[in-house]
Amino acid sequence: AQSVTQLDSQVPVFEEAPVELRCNYSSSVSVYLFWYVQYPNQGLQLLLKYLSGSTLVKGINGFEAEFNKSQTSFHLRKPSVHISDTAEYFCAVTNQGAQKLVFGQGTRLTINP
Amino acid sequence: DVKVTQSSRYLVKRTGEKVFLECVQDMDHENMFWYRQDPGLGLRLIYFSYDVKMKEKGDIPEGYSVSREKKERFSLILESASTNQTSMYLCASSSEVLAGETQYFGPGTRLLVL
């Protein structure tokens, strides 16, 4: 069975500082990986996804993530955060032939001025 | 733009009531999903549907049922609401049947069962 672990439930950072949100997954087959963001009082929206090809994936709002098969990780990074990045971030995994996403527990990113 | 709408943002119900949560998508998507979101647990799949009148159980289907009579509409039903069903409920849809397709989410319904 697949699973996703987001190692930090909360990450506080200062505005304009870099941030990394960590995600590890377990799966015995090839995976597709996703990062979704949930702004306050909203549903989730896709930040980026890895399906195949380059292991460095660029998403919206300056975020990027790197797929590391040997480490079974898909960490999300941004070199300089803004107040508007305050949100909850979810990592998710699925595999070829599956329709279901398995989500991690979420990481709440708080930006301090 | 894909739009997924949910019938209510907030609902308050009493224990034992039958509760209907409605979800509508406007992009002719094949797949629709119902999740519940709880702090520290992320999103957990309740049911999903890949076609009209088709449904499959997710990871936590107990206490819930679903209905998909039309392609654009997917309803979640709590037959007899209980306090442990107090949660945020999120609906999503996606096109195609291939894995890797983006899911588009509604704004959520926050349900309180007293």
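The values are calculated or read from the model by the stated rules, or taken from the named source; none is laboratory data. In this text, all values refer to a predicted model and were calculated from it rather than measured experimentally. Positions of Cβ are generated from backbone atoms using ideal geometry, with glycine treated the same way; all protein chains shown enter the neighbour counts. Heavy atoms of the whole protein, side chains included, go into the accessibility calculation; ligands, DNA and RNA do not. Shrake-Rupley method; radii C 1.70, N 1.55, O 1.52, S 1.80 Å.
With θ set to phi - 60°, apply the Karplus curve 6.51 cos²θ - 1.76 cosθ + 1.60 along the stretch B:26-36 and write out the HN-Hα couplings as whole Hz, x wherever there is a Gly or Pro.
10, 10, 6, 6, 6, 9, 9, 9, 10, 10, 10
Taking the alpha-carbon centroid of each part, what is the distance from the stretch A:1-43 to the stretch B:19-33 in angstrom?
Each part's Cα centre sits 26 Å from the other's.
Taking 0.36 nm per intervening residue step and subtracting the Cα-Cα distance, what contour gain separates A:Leu46 from A:Ile60 on full extension?
The A:Leu46-A:Ile60 span can extend by a further 4.2 nm.
Taking 8 Å as the Cα distance limit and 6 or more residues as the minimum spacing, I'd like the relative contact order of the stretch B:1-111 as a percentage.
Over the stretch B:1-111, the number comes to 35 percent.
Going Cα to Cα from A:Lys100, which aspartates and glutamates come in below 15 Å? Please leave out same-chain ones fewer than 8 positions away.
The reachable aspartates and glutamates, counting only those whose Cα sits under 15 Å from A:Lys100, are B:Glu30, B:Asp51, B:Glu56, B:Asp59, B:Glu96, B:Glu101.
According to a simple spin-label model (label point 7 Å from Cα along Cα-to-Cβ), what is the distance in nm between A:Lys69 and B:Arg73?
According to this spin-label approximation, the distance is 4.6 nm.
If each of A:Arg108 and B:Asn84 carries a label point 7 Å out from its Cα toward its Cβ, how far apart are those two points in nm?
Going by the 7 Å Cα→Cβ label model, 2.4 nm.
Mind pulling up the Rg/Rh value for the stretch A:1-104? Radius of gyration and Kirkwood radius, both on Cα. Walk me through the numbers before you get to the answer.
Details: Rg = 13.3 Å, Rh = 14.0 Å.
Rg/Rh: 0.95.
As I understand it, the dipole of the protein assembly as shown uses +1 on the Cβ of Lys and Arg and -1 on the Cβ of Asp and Glu, about the Cα centre. Which of B:Ala81, A:Val29, A:His82 lies farthest toward its positive end?
Of the listed residues, the answer is B:Ala81.
Check A:Gly106: other-chain or 5+ apart residues with amide H under 5 Å from its amide H, H built from backbone geometry?
Hits under the 5 Å cutoff: A:Gln6, A:Cys91.
Note down the nm distance, to one decimal, between modelled labels 7 Å out along Cα→Cβ at B:Arg9 and at A:Ala98.
3.4 nm
Which value, in Å², gives the accessible area per residue of the protein assembly as shown when a 1.4 Å probe is used on the protein heavy atoms?
I get 48 Å² per residue for this part.
I need two numbers for the protein assembly as shown: Rg to one decimal and Dmax as a whole number, Cα atoms only, in Å.
17.5, 52
Stick to Cα atoms and the Kirkwood definition of Rh, then tell me Rg/Rh for chain B.
Using only Cα positions, Rg/Rh for chain B is 0.95.
Per-residue HN-Hα couplings for the stretch B:38-50, Karplus 6.51 cos²θ - 1.76 cosθ + 1.60 at θ = phi - 60°, whole Hz, x for Gly and Pro?
Calculated HN-Hα couplings, in order: 10, x, x, 10, x, 9, 10, 7, 8, 8, 9, 9, 10 Hz.
Excluding B:Val4 itself, calculate the net charge of residues whose Cβ lies under 15 Å from the Cβ of B:Val4, where each Lys or Arg counts +1 and each Asp or Glu counts -1.
Values: positive: B:Lys3, B:Arg9, B:Arg68, B:Lys70, B:Lys71, B:Arg73; negative: B:Asp1, B:Glu22, B:Asp26, B:Asp28, B:Glu30, B:Glu72, B:Glu101.
Counting the neighbours of B:Val4, the net charge comes to -1.
Give me, ordered by chain and number, the residues 5 or more places off B:Glu17 or on other chains with an amide H under 5 Å from its own placed amide H.
B:Ala81
Work out from phi, with θ = phi - 60° and the Karplus expression 6.51 cos²θ - 1.76 cosθ + 1.60, the ³J(HN,Hα) of each residue of the stretch B:19-24, listed in order in whole Hz, and give x for Gly and Pro.
Each residue of the stretch B:19-24 in turn: 10, 10, 10, 10, 9, 10 Hz.
Lysine pairs in chain B 8 or more apart or on different chains: how many have alpha carbons under 16 angstrom apart?
5
Excluding residues fewer than 8 places away in the same chain, name every one of the lysines whose C-alpha is closer than 20 Å to that of A:Lys78.
Output for A:Lys78: A:Lys49, A:Lys58.
Restricting the calculation to Cα positions, tell me the Rg (one decimal) and the Dmax (whole number) of the stretch B:10-68 in Å.
12.7, 35
Which value, in debye to the nearest 20, gives the size of the charge dipole of chain B about its Cα centre, when Lys and Arg are +1 and Asp and Glu are -1 at the Cβ?
Dipole magnitude for chain B comes out near 480 debye.
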